[in-house]
Amino acid sequence: MLQAGIIPVTPFQQNCTILFDPDTKEGVVVDPGGDVELILETVRENGLTLKAIWLTHGHIDHAGGAKEVKEALGLEIIGPHEDDLPLLQVIEDRGKAFNISGVRNVTPDRFLNDGDKVSFGVHEFEVFHCPGHSPGHVIFFNREQGFAHLGDVLFHGSIGRTDLPGGNHKQLLDSIRDKVLPLGDNVGFICGHGPGGQIGEERRTNPFLRGI
């Protein structure tokens, strides 16, 4: 079984997520945005062996700590889509603007495209490019267990912001309609901020999805 642990990081309380196999203790960290020592301490305390860093997109609260985790654990950074490279290259400037120290610019070892697959152990995830919140945002979907990590595309009762550089409201709604909702109503998800949920519930009750 796939399991997930959430570590809220940065002043934005971003859901840094550790996906892991409880039997092998192997896993990946998704969106280590900051508070790196807390992330590393959690990994050590739970006896986990991380295999990679996966990024959903290039905003500071999701990618600001990726380079430090890479250097600490010798991991590859995988994702997001290359359209977010400009965001990844100004993380330090954004840190100064938000008075957040310790964040670093980063260039992934591998960018992701729509239709790619990533995995650790026996756990395989399909990659979907879902622009709108940011140009290069991707999501990760484990079809076998009906689970998705949606980053900042869709939240419980809300959707991602589109007033940030590179944001596009229509693109975001198109991504949700064409990529997220077709995953299935029974799919559970973790998102980048706040509680997760189930896609079917969002389809029925999320006010931002009316009419799409």
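The values are calculated or read from the model by the stated rules, or taken from the named source; none is laboratory data. Keep in mind it's a predicted model, so treat the numbers as computed, not measured. Note that each Cβ is placed from the backbone with ideal geometry, even for glycine, and that neighbours are counted across all protein chains shown. Heads up: the accessible areas ignore ligands, DNA and RNA and are worked out on the full protein's heavy atoms, side chains in. Shrake-Rupley method; radii C 1.70, N 1.55, O 1.52, S 1.80 Å.
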With θ set to phi - 60° and the Karplus curve 6.51 cos²θ - 1.76 cosθ + 1.60, what are the ³J(HN,Hα) couplings of the stretch 121-131 in order, to the nearest whole Hz, using x for Gly and Pro?
x, 8, 9, 10, 10, 7, 9, 10, 7, 10, x
What are the residues whose amide H is under 5 Å from the amide H of THR49, where those residues sit 5 or more places off or on another chain and H is modelled from the backbone?
GLU26, GLY27
Mind listing the phi-derived Karplus ³J(HN,Hα) values for the stretch 6-22, rounded to whole Hz, using 6.51, -1.76 and 1.60 with θ = phi - 60°, and x for any glycine or proline?
10, 10, x, 10, 6, x, 7, 6, 7, 7, 4, 10, 9, 9, 8, 9, x
Tell me, what is the percent relative contact order of the stretch 114-166, built from C-alpha pairs under 8 Å that lie six or more residues apart?
27
If amide H atoms are modeled at 1.01 Å from N in the peptide plane, then the residues at a separation of 5 or more from ASP116, or on another chain, having amide H under 5 Å from its own are VAL127
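Which percent, nearest 5, of DSSP beta bridges in the stretch 3-205 are antiparallel?
In the stretch 3-205, DSSP labels about 70 percent of beta bridges as antiparallel.
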Using label points projected 7 Å from each Cα along Cα→Cβ, tell me how many nm separate LEU73 and GLU37, to one decimal.
1.8
Summing -39500 (n - 2.57) over every DSSP H run of at least 4 in the chain, dividing by its residue total and rounding to the nearest 500, the 222 nm mean residue ellipticity is -5500 deg cm²/dmol
FRET efficiency, GLU82 to ILE6 (Cβ-Cβ, R0 25 Å, nearest 0.05)
0.35
Give the distance, in whole Å, between the Cα centre of the stretch 32-67 and the Cα centre of the stretch 126-164.
18
Hey, what's the stretch 3-205 come to in accessible area per residue, 1.4 Å probe, Å²?
43
Take the residue pairs LYS51/LYS96; LYS67/LYS96; LYS67/LYS170; LYS70/LYS179; LYS25/LYS179 and return only those whose Cα atoms are more than 26 Å apart.
LYS51/LYS96; LYS67/LYS170; LYS70/LYS179; LYS25/LYS179
Express the carbon and sulfur contribution to the solvent-accessible surface of the chain as a percent, rounded to the nearest whole number, probe 1.4 angstrom.
47
Sequence-distant residues sharing a close amide H with ASP152 (under 5 Å, placed H):
GLY192
Tell me, what is the percent relative contact order of the stretch 3-205, built from C-alpha pairs under 8 Å that lie six or more residues apart?
15
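Hey, with R₀ at 25 Å, roughly what FRET efficiency would PHE98 and ASP174 work out to, going by the Cβ-Cβ distance, to 0.05? The partial results should precede the final answer.
Details: r = 29 Å, r/R0 = 1.17.
FRET efficiency, PHE98 to ASP174: 0.30.
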Amide N proximity, the stretch 177-212 versus ASP114 label position 7 Å along Cα-to-Cβ, cut-off under 19 Å:
177-184, 212
